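Take a look at the structure below.
The values are calculated or read from the model by the stated rules, or taken from the named source; none is laboratory data. Values in this document were obtained by computation on a predicted structure and should not be read as measured data. No Cβ is skipped: glycine too gets one built from the backbone with ideal geometry, and neighbour counts run over all protein chains shown.
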Amino acid sequence: MKLTKLTHCLALVGLAAPLLASAQSTAPVQKVERVEVTGSSIKRIQDEGALPIQVISRKELERQGIVSAEQLISVLSANGNGLDNLAGNADVVAGQARGNNGATAANLRGQGSASTLVLLNGRRVAAHGLNGGVVDLNSIPMAAVERVEILKDGASAIYGTDAIGGVINFILRKNYNGLEAQAFTDITEAGGANIGRVKLVGGFGDLERDKFNLLVALAHSDSKALRGDQRDFVNTFQPNRGLSVDTRGTPIATVFAISSLYNALSRDNLNTTGRSTGPIQPGTTVAMNGINYLDLPGQAGCNSVDGMDAYDEKLWASPSAKWGCAWDTGRAAVLQQPVKSTNLVAHGTLALGEHQLFAEFVGAQVDSAKSFSANQITSSTSASSPFFNLAYPSTGASYDKVFNALVATFPTLAANKGLPMAMRWRCIPCGSREIETTSKTQRFLVGADGPLFAGWDYKTGLSSATSDTTSLLGSGYFYGKPFAALINNGTLDPFSLTQSAAAMSALDAVRANGVTLYGGKFTLNQADFTASGPLFKLPAGEVMAAVGLDARQEKYKFNGNATDLATQGAIFNAPFDSINTLDTVKRTIKAEFAELLVPITKQLELTMAVRHDDYTGFGGTTNPKVSLRYAPLDQLVMRASASRGFRVPSFNQLFNGITISTYSGKDLVDPAKCAGLKVDPTKPGCEAITPDIFTGGKPELGPEKSRQWTAGIVWSPARDITASADWWQIRKEGTIQFLALSDIVNNAALFPANFLRDASGNLVAIDDRWVNAGESITKGVDLSVRGAARVGDGMLGVSLEGTYLLDKRSRLIASAPMGASEIGVFTRSGDLGLRWKHALTFTYSEGPWVAMLQQLWRNGYKDAVLPGVANGSVTPSQWSPNVAKYLTHNASISYTGIKNLGLSFGIKNLLNEDPPFSVAYDGNTGAGSSWEPRVADPRGRSYTFTVDYKFW
């Protein structure tokens, strides 16, 4: 076979460059060009490095039907399982989490999205405007990406902060000559979540021939929303499997007794004690509360209303809720947020002799409409609430219907005739809540590269990048007091599924659509210079070096007061964030770095790197890295590295405002005075306390630090087979944590400074802000196999990328015992550690045809458990403690036999596998109820079509 044909086939199956280098050994001697690869500043032949790098080409992305960075992240075995995607962050958020409005982030090796460095053409881009700390992958111009390099190793010695879990470098096309248009669609079989993209890429000029090139790429993508009621596997009413809903805010309102109001459900109207408890269940001593008339004997039943069913008081260990109804928040949720993005790339290069000057503009606008369940309205006992003593008046047919049903079961309530009804109501007529977010990102870059002297090269650049983001209130929000009046005067009927035309008109008059929620802007200005080349020769080869300077300024502004405080206070339940308003905070980073490659013998190579960063507010930090590459045989390479890393706190973690709120519960005691931590008024020191709780930013925070290593082997038993295994460990110290109040109290001895006392020793406040306290350790093995073989007249290629977790543990502070293993164990937030993940891909190419079959595997894990199962009071008939594995297959076929035309058809989730069942219910978000968005894709089987046409 000719060399060119072999090269083409190997490229089609995505083989690593060692195969190409081996094949070229029989060809005429050619100049070997050295290039810079992710994770090093020294130019080298791409395969000579000692670091584990996964390279994914544009062709591979197209065969898999991947048109967004989020889709790419979802198939990477090295990526963790956090709430970083459009399905996992579908809830309402504020504060630090507000940046999740329509954003997607990377999370290599499960270290968190803030510990993965994202680069575009080897340089930093601006963090998302609402969080100021994490890059939104939706802003990456995937239509112009030539390849993606994923460094599975720490790289703070090369790039500075954030590169603890690894680095993802999106490398754009350049020196392209032609005009190409592409249309792509991804249509789900069950409906919803369809994806479409159109792109146009044009290039003019050739650097070798014309000494210039201009490239322009424009793309528009539209990912539609997916609602919970569009998927059959979303069903939170599965008590036989241990899952049910913990909310009695239902479309037909639930009646409650409250302490501040004589109401229809009050057990005793003669004293204030009896107001807050409902009637005694006949034959028991249990006081009922939260009663829905539909669930009472002789009524239609909770399930007579779509989306409602009986509240499961046994699963939730809440006997007083026996007569309650619940509402399936999972079905009402949006499982995947809708996102539209428009990206533009313009890159011009001018060759002046051996030097190249270039200018680049990258811009994107990302629009999302985050939608979640309708507001829940609850009668309040707080005089400051717009729903203080909210109650439906004692008039009309609805009142009589509900009251008569109550009295039929609880005759003692007859004396309450005429008293209003306090309630909890899911306001379906209000519509789903929406937050509309627009993010505009851009980066201007000018630079140059070329030779210096004596074999040395340089590269330099000057850039300015911004991310300007604003969120507005969409539908579903309203002004609280006038809304409450519509219930108090009987205009709105919370006990009916339909409202009168007059009621809907009155409701529309109190909506808050279009009010600005908040906005933020992150700005990154950077200048860099790197020089690399040979120092001197040793018997084994040239000693190579790189030195460089990097200076950048980061600025962040957050406008939580875009809407005046009076208006903010008047709108019910909108996640305004005025306390965290920042009027441009900034920091300057100056860095010097050096790298040295020493060929000790022909088989052994040593690379050393060190970087010193000087941060405004933190001082200096120096981080070294050492790596070894040993090739005792042509077919075998052994490699290892050890390094230190760091991550500075985000602007939010440092400078968010401090909120002081009085603890309102009755279950908190002073841990220094009450060893059992249980409220017991009969025991001195165990009385309930209500201290102030401090939350928010903490300027004293320091950076997280890491120590990590990798050790691996690469074996090529034949020219067309390469296998590698890399063992790795990451130990983070001083991890930046926001601890739950219960964790602070239960571990009070570990955090004495967080408990603030008066002169008499009484606990007056608890500081529950961010802390540098924890430590975590994560260990694993990355496996990779790539190979090719001739089958018939074509080439069959296979690749396997897998990650096996060996250890994942953490502790609150370094002096505390290390916690239990977190592998394969459900956690409510953060990264869900799966023991094994892999992507196995087969590719067959023959002539103009290329076929692909891919298997994606995600291991199972121990499931969440609801309280009634946890305490042993109930064992559901079909309950299982485990979540099953998630296994899906993708297939595609491409044809390029027509001149200038490329066609591709694919099927994602070929066998139409539903996400595995999980008791992942979260009372604060419907997304994830009955399934786990950190692991599974809710879209189901979908069909992809791509048409690519080259005009010239």
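Taking the conditions exactly as written (at pLDDT below 50 and under 30 Å from Ser223 (Cβ atoms)), does Leu12 satisfy them or not?
Values: at pLDDT below 50: yes; under 30 Å from Ser223 (Cβ atoms): yes.
Against the criterion (at pLDDT below 50 and under 30 Å from Ser223 (Cβ atoms)), Leu12 qualifies.
Within segment 328-356, take every residue that is of a type in the set (Gly, Ala, Ser) and surrounded by 24 or more Cβ atoms within 10 Å (Cβ to Cβ) and give me the one that is farthest from Leu179 (Cα to Cα). Don't jump to the end; show me each part of the working.
The first filter runs over segment 328-356 and keeps only residues of a type in the set (Gly, Ala, Ser), leaving 330, 332-333, 341, 346, 348, 351, 353.
Those left that are additionally surrounded by 24 or more Cβ atoms within 10 Å (Cβ to Cβ): 330, 333, 341.
Details: Gly330: 46, Ala333: 42, Ser341: 22 Å.
Looking at the filtered set, the residue picked out is Gly330.
On the given criteria, is Gly685 modelled with pLDDT of 90 or more, out of contact with any helix residue (DSSP H, G or I) (no Cβ under 8 Å at 6 or more places or on another chain), in the same structural domain as Phe618 (by TED's automatic domain parsing) and part of a loop (DSSP other than H, G, I, E, B)? Talk me through it step by step, then tell me what you get.
Numbers: modelled with pLDDT of 90 or more: yes; out of contact with any helix residue (DSSP H, G or I) (no Cβ under 8 Å at 6 or more places or on another chain): yes; in the same structural domain as Phe618 (by TED's automatic domain parsing): no; part of a loop (DSSP other than H, G, I, E, B): yes.
Judged against the criteria, Gly685 is not a match.
Remark: pairs (first residue in segment 667-694, free of Cβ contacts under 8 Å to residues at least 12 places away in the same chain; second residue surrounded by 18 or more Cβ atoms within 10 Å (Cβ to Cβ); Cβ separation under 6 Å; 6+ apart in sequence or on different chains) = Asp680/Cys686. Kindly check whether there is at least one residue in segment 244-259 that is among the acidic types (Asp, Glu), modelled with pLDDT under 90 and assigned to a loop (DSSP other than H, G, I, E, B). Looking through segment 244-259, at least one residue is among the acidic types (Asp, Glu), modelled with pLDDT under 90 and assigned to a loop (DSSP other than H, G, I, E, B).
Among the residues of segment 733-748, are any modelled with pLDDT of 90 or more, of a type outside the set (Val, Ile, Thr) and in the same structural domain as Arg809 (by TED's automatic domain parsing)? Yes: segment 733-748 contains one or more residues that are modelled with pLDDT of 90 or more, of a type outside the set (Val, Ile, Thr) and in the same structural domain as Arg809 (by TED's automatic domain parsing).
Conditions (1) within 30 Å of Val626 (Cβ to Cβ); (2) in the same structural domain as Ala711 (by TED's automatic domain parsing); (3) within 20 Å of the chain's Cα centre (by Cα), marked per residue:
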position: Val135; (1), (2), (3): yes, yes, yes
position: Asn138; (1), (2), (3): no, yes, yes
position: Ala144; (1), (2), (3): no, yes, no
position: Val148; (1), (2), (3): yes, yes, yes
position: Lys152; (1), (2), (3): yes, yes, yes
position: Ala157; (1), (2), (3): yes, yes, no
position: Gly166; (1), (2), (3): yes, yes, yes
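For segment 195-250, the tally of residues that are among the polar types (S, T, N, Q) and closer than 23 Å to Gly65 by Cβ stands at 3. I'd like to know if segment 613-621 contains one or more residues that are crowded, with 16+ Cβ neighbours inside 10 Å and over 30 Å from the mean Cα position of the chain (by Cα). No, there is no match, as no residue in segment 613-621 is crowded, with 16+ Cβ neighbours inside 10 Å and over 30 Å from the mean Cα position of the chain (by Cα).
A single entry from Ser799, Ser815, Ser829 fulfils the requirement of being assigned to a strand (DSSP E or B), out of contact with any His (no Cβ under 6 Å at 6 or more places or on another chain) and either surrounded by 16 or more Cβ atoms within 10 Å (Cβ to Cβ) or in the same structural domain as Gly860 (by TED's automatic domain parsing) (or both): Ser799.
The set of residues from segment 267-293 being under 20 Å from Ile487 (Cβ atoms) and at pLDDT 90 or above comprises Asn289, Gly290, Ile291, Asn292, Tyr293. Here the strands (runs of 3 or more DSSP E) wholly within segment 284-387 that include at least 3 residues being β-branched (Val, Ile, Thr) are 339-352. Of the set (1) free of Cβ contacts under 8 Å to residues at least 60 places away in the same chain; (2) in contact with a His (Cβ under 8 Å, 6 or more places away or on another chain), all apply to Leu549 but (2). Of the residues screened, Leu473 is not one that is of a type outside the set (Asp, Glu) and over 25 Å from the mean Cα position of the chain (by Cα). Taking first residues from segment 288-301 that are more than 11 Å from Lys401 (Cβ to Cβ) and partners that are of a type in the set (Gly, Ala, Ser) and in a helix (DSSP H, G or I), the Cβ contacts under 6 Å between residues at least 6 apart in sequence or on separate chains come to Met288/Ser320; Asn289/Ser320; Gly290/Ala321; Leu296/Ala405.
The condition (being surrounded by fewer than 18 Cβ atoms within 10 Å (Cβ to Cβ) and either within 30 Å of Ile736 (Cβ to Cβ) or not charged (D, E, K, R) (or both)) is satisfied by just one residue among Ala144, Ala157, Ala181, Ala163: Ala181. Screening segment 704-722 for residues that are closer than 30 Å to Ser776 by Cβ and of a type in the set (Gly, Ala, Ser) and picking the one that is surrounded by the fewest Cβ atoms within 10 Å (Cβ to Cβ) gives Ala711.
Within segment 208-243, restricting attention to residues that are among the β-branched types (Val, Ile, Thr) and not assigned by TED's automatic domain parsing to the domain that holds Ile66, the residue that is nearest to Ala103 (Cα to Cα) is Val234. Annotation for segment 626-643: at least one member residue is among the acidic types (Asp, Glu) and outside any strand (DSSP E or B).
One residue alone among Arg647, Arg629 is crowded, with 16+ Cβ neighbours inside 10 Å, of a type in the set (D, E, K, R) and closer than 30 Å to Ala723 by Cα, and that residue is Arg629. Residues of segment 293-313 that are buried (at least 18 other Cβ atoms within 10 Å of the Cβ), closer than 17 Å to Pro239 by Cβ and not aliphatic (A, V, I, L, M): Asp295, Cys302, Gly307, Asp309, Tyr311, Asp312, Glu313. Once segment 751-782 is narrowed to residues that are surrounded by fewer than 17 Cβ atoms within 10 Å (Cβ to Cβ) and polar (S, T, N, Q), the residue that is farthest from Ile823 (Cα to Cα) is Ser760.
Listed here are the residues, each with its yes/no results for (1) surrounded by fewer than 18 Cβ atoms within 10 Å (Cβ to Cβ); (2) in the same structural domain as Asp528 (by TED's automatic domain parsing).
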| residue | (1), (2) |
| --- | --- |
| Gln442 | no, yes |
| Trp456 | yes, yes |
| Thr466 | no, yes |
| Pro482 | yes, no |
| Asn489 | yes, no |
| Asp493 | no, no |
| Leu497 | yes, no |
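Restrict the check to segment 689-703 and report whether at least one residue is in the same structural domain as Tyr615 (by TED's automatic domain parsing), among the charged types (D, E, K, R), exposed (fewer than 14 other Cβ atoms within 10 Å of the Cβ) and not in a helix (DSSP H, G or I). Yes, segment 689-703 contains a residue that is in the same structural domain as Tyr615 (by TED's automatic domain parsing), among the charged types (D, E, K, R), exposed (fewer than 14 other Cβ atoms within 10 Å of the Cβ) and not in a helix (DSSP H, G or I).
Note on segment 627-661: residues that are of a type in the set (Ser, Thr, Tyr) and over 32 Å from the mean Cα position of the chain (by Cα) total 1.
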